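The values are calculated or read from the model by the stated rules, or taken from the named source; none is laboratory data. Because the structure is a prediction, the values reported are computed rather than measured. Note: ideal-geometry Cβ built from the backbone for every residue, glycine included; neighbour counts use all protein chains shown. Surface accessibility is based on the protein's heavy atoms, side chains included, excluding ligands, DNA and RNA. Shrake-Rupley method; radii C 1.70, N 1.55, O 1.52, S 1.80 Å.
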Amino acid sequence: MISVGEALERLFALTSPLSVENVTLVEARGRVLASPVTARRDQPPFAASAMDGYAIRAADLAGGPPLLVIGEAAAGRAFDGEVGAGEAARIFTGAPLPAGADTVVIQEDVIREGDRITVTDTPAPGANIRAAGGDFRIGDQISAPRVISPSDMALMAAMNVPQVSVTRRPVVALIPTGDELVQPGEEPGPDQIVASNSYGLHGLLSASGAEVRLLPIARDRIEALETVMGLAAGADLVITIGGASVGDHDLVAKAASGIGMEQSFYKIAMRPGKPLMAGRLGDAAMIGLPGNPVSAMVCGHIFVVPVIRHMLGLGAAPAPRLRAPLAVDIPANGPREHYMRARVTETGIAPDDRQDSALLSVLSASGALLVRAPDAPAGKAGEMAEYLPL
């Protein structure tokens, strides 16, 4: 058996960042930016009013007669005159500041009578003005790589960037295996169960940026496995679920080898998830996940999501861990790294009493995987512990 860290290193060696493509800005959410985006204009492109009010000269705030309103400026419609001594221009939020003006007094601080105004509460010179280029200037950049957020999209649009370069989504083929499986909605036979892992992994990997293809259930026969694996042609990553152990009916490795898989490793010193296999299958990387539902999902978080991120150009790194105090005492760990289903509460993190790798209800109710190092001693409540948020 190899360690979790070594398994990740070998998986990263089996994969590499994918090619780059251009997408329109409206298609960019959630994609990985492959190259920096450069602003093509200043924002704001001119000094603009931040409030509805009147554009004036600060020199006229010292007192004196009411100011004469000589024009109006609105967003998209500038006042083309110049504000001189003793004058003001009605102005609205977002409008360009008229020539000659250097301050905006808000409308609540003005009494208007006809075409003249009296300022009742004196603002500071330069108040309520957004400076030209105050947000960004031509040449400013959004760095890459990064997952493009809605806020990034708004910024790119303001920079006048209509399309961006992104890393191609990895195509992942998911292959559930086993005579015991039927699809959700079908009626299981007396010896069958409903396939669940493939749907959980589909959601997990789709949310991580992959384009996931869910293939038919491959039955426990070499020819059936080879047929379904053949349907994965064109995928960047092939993931089988179940059949990766060494039992008489665990045929995935044999079938994959028969069609050319070059195995990198098998078995990891972890629980749940010990029987995990990986290698190359033609142009694709291949990962054989264990069939136990929780094992498959935990391995998805620990191994497959980091691989997807690596393929998207986000770096070769394990899933990030957080720290929290233990809410309860926990026993010493055995020789394998343990990922315990746990809940994070106000008092700390507490593992569930039931850690059977078949219990999806426990995984669904958990918000974290409490990480226990190999041979870790017993932990006391209050001690800090590492966990992976789910």
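Sketch the reach of a paramagnetic label on residue 386 as a point 7 Å from Cα along Cα-to-Cβ, and name the residues of region 287-325 whose backbone nitrogen lies under 18 Å away.
298-307, 316-325
What angle do you read, to the nearest 10 degrees and between 0 and 90, between the alpha-carbon axis of helix 4-14 and the longest principal axis of the chain?
80 degrees
Could you check how much of the accessible area of the chain is carbon and sulfur, as a whole percent, using a 1.4 Å probe?
50 percent
Can you tell me the length gained on complete extension of the stretch residue 80 to residue 219, counting 0.36 nm per residue apart and subtracting the Cα distance?
42.4 nm
Just how many % of Cα pairs in region 150-270 lie over 18 Å apart, if you round to the nearest whole percent? Could you put the intermediate results ahead of the total?
On the way: 4464 of 7260 pairs.
Across region 150-270, Cα pairs with separations above 18 Å total 61 percent.
Can you run phi through the Karplus equation (6.51, -1.76, 1.60; θ = phi - 60°) for region 103-118 and list ³J(HN,Hα) in whole Hz, with x for Gly and Pro?
Running phi through 6.51 cos²θ - 1.76 cosθ + 1.60 with θ = phi - 60° gives 8, 10, 9, 6, 5, 5, 9, 9, 10, 10, 10, x, 9, 10, 10, 10 Hz.
For the chain, with every protein chain kept in place, what is the accessible area per residue (1.4 Å probe, Å²)?
Details: 18140 Å² over 390 residues.
The answer is 47 Å² per residue.
Over 20 Å apart: what share of the alpha carbon pairs of region 54-203 falls there, rounded to a whole percent?
Pairs farther apart than 20 Å: 67 percent.
In 20 Å bins starting at 0, how do the alpha-carbon pair distances of the chain split up by percent?
Percent of Cα pairs in each bin: 23, 36, 21, 17, 3.
Residue 10 to residue 38: FRET efficiency via 1/(1 + (r/R0)^6), r the Cβ-Cβ distance, R0 41 Å, to the nearest 0.05?
Numbers: r = 38 Å, r/R0 = 0.92.
E between residue 10 and residue 38, to the nearest 0.05, is 0.60.
Find out how many positive minus negative residues lie around residue 292, taking Lys and Arg as positive, Asp and Glu as negative, among other residues whose Cβ is under 12 Å from that of residue 292.
Working: positive: 271, 274; negative: 356.
In short, +1.
What nm value, rounded to one decimal, do you get for the distance between residue 26 and residue 375 when each label is placed 7 Å out toward the C-beta?
A separation of 6.0 nm, rounded to one decimal place.
Within 13 Å, Cβ to Cβ, of residue 261, how many net charges do the neighbouring residues add up to if Lys/Arg are +1 and Asp/Glu are -1?
Details: positive: 254, 280; negative: 226, 262, 283.
Here the charged neighbours net out to -1.
Taking the Cβ-Cβ separation of residue 108 and residue 365 as r and a Förster radius of 51 Å, what is the calculated FRET efficiency to the nearest 0.05? Don't skip to the answer; put the middle values down first.
Values: r = 53 Å, r/R0 = 1.03.
Here the calculated transfer efficiency is 0.45.
Once amide H atoms are built 1.01 Å from N in the peptide plane, which residues 5 or more positions from residue 178, or in another chain, come under 5 Å H to H?
218, 219, 220
Under a 5 Å amide H to amide H cut-off, with H placed in plane at 1.01 Å, what residues pair with residue 336 once short-range neighbours are removed?
Those lying under 5 Å, H to H, from residue 336 are 375.
What are the lysines whose alpha-carbon lies under 29 Å from the alpha-carbon of residue 380, with same-chain residues fewer than 8 places away excluded?
Here the lysines satisfying the reach criterion relative to residue 380 are 274.
Suppose the chain between residue 50 and residue 143 were pulled fully straight at 0.36 nm per residue; how much longer would it get relative to their current alpha carbon spacing?
30.6 nm
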